[in-house]
Amino acid sequence: SLAYNTIIFIVGLYPSSFLQAFICDYLTSSAKILADFAYIACYMTYEKGIDNIPRESVRTSCDSSLTLNRIVIPVVMCWPLWLRLCQNLVRLYNTGKQWPFLANAFKYGLSHSVVIFSVLHKDLFSPQDESIGTWWRNLFFLSFFLSTLFAFLWDVKVDWGLGDSEYGFLHKRLMFRKKRYYYIAIILDFFMRFLWTITLIPFLSVFAHDSGSEYDQAMQYLSGVITGLEIIRRTFWSFFRLENEHLNNTRGYRDVEFVPLYFDTPLLEKNENESENQDQSYKKIQALAEICLFLVVVISLAIIAASY
């Protein structure tokens, strides 16, 4: 039914195609935008419901809303990451291949924990707040750095298929004629990856305390600019991602004249089918155990990040 399929889509528990994964990757770059939309909805709700209410009072009401700040914003910002995480776990279960699906799920799981920690602890870098120790700040910075660096390396090596030292850290087969396009894209991706993740740091949040200060207003404008740059980064990321997908799809039949169809492949003997079915069952059980263990780790990290 439509309701069932909608729930499965929202949760992310469905076999994803390349197009669906591609769209969800764009959603991960729009997490901050989705959070701003949630804030706008809160602002418009208060302004529409109460006549002649001062704008500062409306903003104060949204800033102090526990429902918005502790539930809606974290869910909205983590939902695209959760979608991609679940899509990779579903692919892991269906194929039984740990690489690249488990590693990719780990990438989104780490980002998931960083987002939760940053959204729920807006006073992380406030010198007036002594409740959060230096150890936790260092842990956040370490997670922030590792998550962003891992995502950058994944972009270059896996999504773009580059990084081969034998070919100048690019690839043997390239579709763009000028190699400098690739080098420029790698450099930009590195810096813009870190810039986008900076928008998740609490002092750049649109909900920052001391909202009337000039510093806070400047940070809000900077956050908007960086969010726009992330959309640009994701756009040129998509060019090289589609190039790599196309090359991977054609690589297997580049040097042959005949492309076999599914009905041209001989059928397996009965005993071979039974052996293959047993292997598939074992792989699914193993994949299910890995998924359960992985989810326990990710959920535990999320609970630690949220409850501290």
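The values are calculated or read from the model by the stated rules, or taken from the named source; none is laboratory data. Being a predicted model, the structure only gives us computed values, none of them experimental. Don't worry about glycine lacking a Cβ; one is built from the backbone with ideal geometry, like all the others, and counts go over all protein chains shown. Protein only, heavy atoms only, side chains kept; ligands, DNA and RNA dropped before computing areas. Shrake-Rupley method; radii C 1.70, N 1.55, O 1.52, S 1.80 Å.
Residue by residue, here is whether (1) among the basic types (Lys, Arg); (2) at pLDDT 90 or above holds:
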position	(1), (2)
143	no, no
154	no, yes
162	no, yes
172	yes, no
181	no, yes
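Taking every residue in segment 11-36 that is in contact (Cβ under 8 Å) with a residue 12 or more places away in the chain and over 24 Å from residue 62 (Cα atoms) and pairing it with any residue that is aromatic (Phe, Trp, Tyr) and open to solvent by 50 Å² or more (accessible area, probe 1.4 Å), at least 6 positions away or on another chain, the pairs with Cβ-Cβ distances below 7 Å are 12/82. Among residues of segment 44-101 being closer than 25 Å to residue 23 by Cβ and of a type in the set (Lys, Arg), the one that is modelled with the lowest pLDDT is 97.
Within segment 137-157, residues that are open to solvent by 20 Å² or more (accessible area, probe 1.4 Å) sit with their Cβ atoms under 6 Å from residues that are hydrophobic (A, V, I, L, M, F, W, C) and modelled with pLDDT of 90 or more, at 6+ positions apart or across chains, in these pairs: 152/190.
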